[in-house]
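A short worksheet on the structure shown next.
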Amino acid sequence: MSGDEKLLRLSAMAGMVLDVRSAALSRLAAERDALKAQLAALNAPRATEGLAPAAAAQVRFDYETWASRRRAELNLKIAAKHAEWLSHLDETRQAFGRAQVLDRMLQATRNRRSG
């Protein structure tokens, strides 16, 4: 196998690694966004129409008690998912850099041959 063939294979492999890393990064971002949407949904007002004022107050209190615990859970999950996303971001950046360098080396090799 010649040096050009090795470089071509390395470039292709780097592209595949970048694709995998990018897909993982996108998946983590989507999961984080879904958690954020759940958190936002907890802030939507709840209907208490047709209830007596005391019953409506009890419903709001019960909901807020439950929702505050759920918000705490979601905030922890969002923070963990964001930390995981940041870690994958670094890996994706490295994979992108490798792919770019190998592509440039391959292009330079082709330019030298044609020129």
Q: Could you grab me the full set of residues in segment 16-39 that are over 11 Å from residue 92 (Cα atoms) and of a type outside the set (Lys, Arg)?
A: 16, 28, 29, 30, 31, 33, 34, 35, 37, 38, 39
Q) Mind checking which pairs have a first residue in segment 2-16 that is closer than 10 Å to residue 105 by Cβ and a second that is assigned to a helix (DSSP H, G or I) and charged (D, E, K, R), Cβ under 8 Å, 6 or more apart or different chains? A) 11/103
Q.
Please determine whether any residue of segment 1-8 is over 29 Å from the mean Cα position of the chain (by Cα) and not in a helix (DSSP H, G or I).
A. yes
**Q.** Scope segment 37-55; condition surrounded by 10 or more Cβ atoms within 10 Å (Cβ to Cβ) and either modelled with pLDDT under 90 or not in a helix (DSSP H, G or I) (or both); matching residues
**A.** 42, 46, 48, 51
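The values are calculated or read from the model by the stated rules, or taken from the named source; none is laboratory data. The structure displayed is predicted, hence computed values, not measured ones. In this analysis, Cβ positions are derived from the backbone assuming ideal geometry, glycine residues included, and neighbour counts consider all displayed protein chains.
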